[in-house]
1. In the range 112-129, how many are aliphatic (A, V, I, L, M), out of contact with any Cys (no Cβ under 8 Å at 6 or more places or on another chain) and at pLDDT 95 or above?
2. Would you mind finding the one in V48, V104, V68, V44 that is buried (at least 21 other Cβ atoms within 10 Å of the Cβ) and among the aliphatic types (A, V, I, L, M)?
3. Looking only at the range 79-99, which residues are outside any loop (DSSP other than H, G, I, E, B), surrounded by 14 or more Cβ atoms within 10 Å (Cβ to Cβ) and touching a helix residue (DSSP H, G or I) at 6+ places or on another chain (Cβ under 8 Å)?
4. In the range 182-195, which residues are assigned to a helix (DSSP H, G or I) and touching a residue at least 40 places away in the same chain (Cβ under 8 Å)?
5. Among the residues of the range 49-65, which ones are under 18 Å from L85 (Cβ atoms) and either outside any loop (DSSP other than H, G, I, E, B) or out of contact with any strand residue (DSSP E or B) (no Cβ under 9 Å at 6 or more places or on another chain) (or both)?
6. With closer than 20 Å to L32 by Cβ, in contact with a strand residue (DSSP E or B) (Cβ under 6 Å, 6 or more places away or on another chain) and either modelled with pLDDT of 95 or more or acidic (D, E) (or both) as the only criterion, which of P147, P71 stands out?
7. Count, please, the residues in the range 212-235 that happen to be touching a strand residue (DSSP E or B) at 6+ places or on another chain (Cβ under 7 Å), of a type outside the set (D, E, K, R) and either without any contact (Cβ under 8 Å) to a residue 24 or more places away in the chain or part of a loop (DSSP other than H, G, I, E, B) (or both).
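The values are calculated or read from the model by the stated rules, or taken from the named source; none is laboratory data. Every value quoted in this text rests on a predicted model; they were computed, and no experiment measured them. Every residue, glycine as well, gets a Cβ built from its backbone with ideal geometry; the counts of neighbours run over all protein chains shown.
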Amino acid sequence: MTVPDPGGAVSGPSAARAAIRSGRWTGPTAGLAPGYLQANLVVVPRAVAGDFLVFCLRNPGPCPLLDVTGPGSPVPRRAAPGADLRLDLPRYRIWRDGRLAAEVTDLRQVWRGDLVAFLLGCSFSFEAALARAGIELRHQSCGCNVPMYATNRPCVPAGPFRGPLVVSMRPIPAGRVAEVVAITGRYPRSHGRPVHVGDPGRLGIRDLAIPDFGDPVPVRPGETPVFWACGVTPQAVARQAGLPLVITHAPGHMFVTDLTEAWG
């Protein structure tokens, strides 16, 4: 994984996307371009784009809409008008018939004229505010991806789209949980306040050491696991939808927008 200094030459969104497109940044994007919103990517054929839009509107926690492209266009005109969604994420996943068919770094070979891209808010966007408050972000400290888990909470279905809520987890000192809830609650377009604090079993999570996506991180004595709705939820949904083609980002490998943190 190639990871330049987040506070250096890739601190702005255009520089971050250029580093990704050139292959200088190939890993998870947590900590990249602080102060700017990051986004999950979901790409579906036009025939089911209306259904997916309704799914997002019915499930705003995991799927807060930031932008939607026109059919065939890879340009997110609201979120980053100079970007290309086929090239500007470090890694993509291609789902065929509900199965993960490939992970790629370039979508030009699979892009079609009927594809519609959705950008959904990401919890990486509020991490700069947590860091400013002196909250350790364990996945960044460990140099790994944030852990994510499928839960026992179902999303509200729409058309072929149905499945479980996926959550991300960050260990928080028990005495600072209320502060973290207040900080993240200021970012509704980045998943907002947590959906659950404490016992992972209440979400149907059996073992924090075995995430469904991302990497495990230690929860130390005196810390509480805190869970946020996650934009990887559509990937769990894509498995159940069984559509001929769905394209997403690889978990943790987000799109860096031109939208500022204040917009989130």
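1. Result for the range 112-129: 4.
2. Testing whether each residue is buried (at least 21 other Cβ atoms within 10 Å of the Cβ) and among the aliphatic types (A, V, I, L, M) leaves just V44.
3. Our first condition is that a residue be outside any loop (DSSP other than H, G, I, E, B); within the range 79-99, this holds for 92-96, 99.
With surrounded by 14 or more Cβ atoms within 10 Å (Cβ to Cβ) added as a condition, the list becomes 92-96.
Within the range 79-99, R93, W95 qualify.
4. Our first condition is that a residue be assigned to a helix (DSSP H, G or I); within the range 182-195, this holds for 182-184, 188-190.
Once the filter is applied, which keeps residues that are assigned to a helix (DSSP H, G or I) and touching a residue at least 40 places away in the same chain (Cβ under 8 Å), the range 182-195 yields I183, T184, P188, R189, S190.
5. Within the range 49-65, A49, F52, L53, C56, L65 meet the criteria.
6. Exactly one of P147, P71 is closer than 20 Å to L32 by Cβ, in contact with a strand residue (DSSP E or B) (Cβ under 6 Å, 6 or more places away or on another chain) and either modelled with pLDDT of 95 or more or acidic (D, E) (or both), namely P147.
7. Total satisfying the criteria: 7.
Results for (1) crowded, with 17+ Cβ neighbours inside 10 Å; (2) among the charged types (D, E, K, R); (3) under 20 Å from the mean Cα position of the chain (by Cα); (4) within 30 Å of P244 (Cβ to Cβ), shown as yes or no for each residue.
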position	(1), (2), (3), (4)
Q109	no, no, no, yes
A117	yes, no, yes, yes
S125	yes, no, yes, no
G143	no, no, yes, no
A178	no, no, no, no
